[in-house]
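Bear in mind that the values in this text are calculations on the coordinates, not laboratory data. What you see is a predicted model; the values in this text were computed from it and never measured. As a convention, Cβ positions derive from the backbone with ideal geometry for all residues, glycine included, and neighbour counts pool all protein chains shown.
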Amino acid sequence: MTTDFTGRTVVVTGGARGQGAAHTTLFAERGATVYALDLLDDLGAALQEDLTGRGLKVVYRHHDVTSESDWDALTAHLEEAHGALDVLVNNAGIVHTAEIPEENLARFERVLSVNTTGVFLGMNKCWALLSDARGAIVNVASVYGLHSNPGYVAYTASKAAVVGMTRTAAVEGAAVGIRANCVSPGTVQTQQLADEGRSYVREATPMDRGADPSEISSVVAFLASPAASFVTGVEVPVDGGFSAH
Ligand SMILES: NC(=O)c1ccc[n+]([C@@H]2O[C@H](COP(=O)([O-])OP(=O)(O)OC[C@H]3O[C@@H](n4cnc5c(N)ncnc54)[C@H](O)[C@@H]3O)[C@@H](O)[C@H]2O)c1
């Protein structure tokens, strides 16, 4: 079984930097045409220029995962240009920490909107195209989908929902040829980790380091590939042993 993606079409949300840029790069290096979606147009354009300069097939698109019309425009384009979609990686996400009494509704809902509604919309809007390709969904959850620490009420709600939605997508998708799995990174050396401030997960990681984004990408690519053809509905921690505690 192969993890080659030659001739495949892949969508990566939050693809301009961090883990999303690493996923975009790996799928492109393995032969896919990759659509990297993000709000960070300068970074996205630079990534596209860098990767296309290496002869890889990467298209950056400005795309807000919370926007139904952005998803409609994307799927219309994919339908016309490719007729189907092989892989959807719902990676875009934000973090915000505040303990329950200090949290407020607007910030709570903003995290849910990007991390949860964004994943729902991606699966909802791309479902038919994925089904046509007998494709794969890989959602990016977090160890905070199943664990917690003070200040993570919004983030845990958003990521636990991703784990649950992934299982639902797997049981519904089996009938139409779609596999759906999620990865749960521990700490990864990206801007989000810097935004978080103190990282309890990093402090409790037996391997005593954060991941390089590429260490998440290789697991995402495996789950998206025919090498994982009988794997669906699972949550894979990629966390240096954090969840083994
Ligand atoms: N860094 C970590 O330690 C860590 C750990 C576990 C899970 N995660 C998850 O991994 C994923 C990737 O995060 P990262 O670590 O690469 O951080 P990051 O902040 O570098 O990347 C997140 C990307 O998502 C984009 N994004 C945010 N809102 C968006 C929106 N509405 N529409 C489109 N794009 C949007 C950002 O612009 C950014 O490019 C996220 O879902 C995050 O929650 C991160």
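A compact table of results
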{"item": "Highest-first arrangement of 117-130, 89-102, where packing means the average Cβ count within 10 Å", "result": "117-130, 89-102"}
{"item": "Under the Karplus curve 6.51 cos²θ - 1.76 cosθ + 1.60, θ = phi - 60°, whole-Hz ³J(HN,Hα) for segment 173-179, x wherever Gly or Pro sits", "result": "x, 4, 6, 10, x, 9, 9"}
{"item": "Qualifying trypsin sites (Lys or Arg not before Pro) in segment 24-91, DSSP loop, other Cβ atoms within 10 Å at most 15", "result": "Arg54"}
{"item": "At 1.002 mPa s and 20 °C, Stokes diffusion of the chain via Kirkwood alpha-carbon radius, µm² per second", "result": "120"}
{"item": "Convex hull per residue volume in Å³, alpha carbons only, for segment 1-117", "result": "117"}
{"item": "Hull volume in cubic angstrom per residue (convex hull over the Cα atoms of segment 156-197)", "result": "80"}
{"item": "Anisotropy class of segment 105-245 from Cα gyration tensor, a/c 1.5 cut", "result": "oblate"}
{"item": "Segment 48-181 - convex hull of alpha carbons, volume per residue in Å³", "result": "121"}
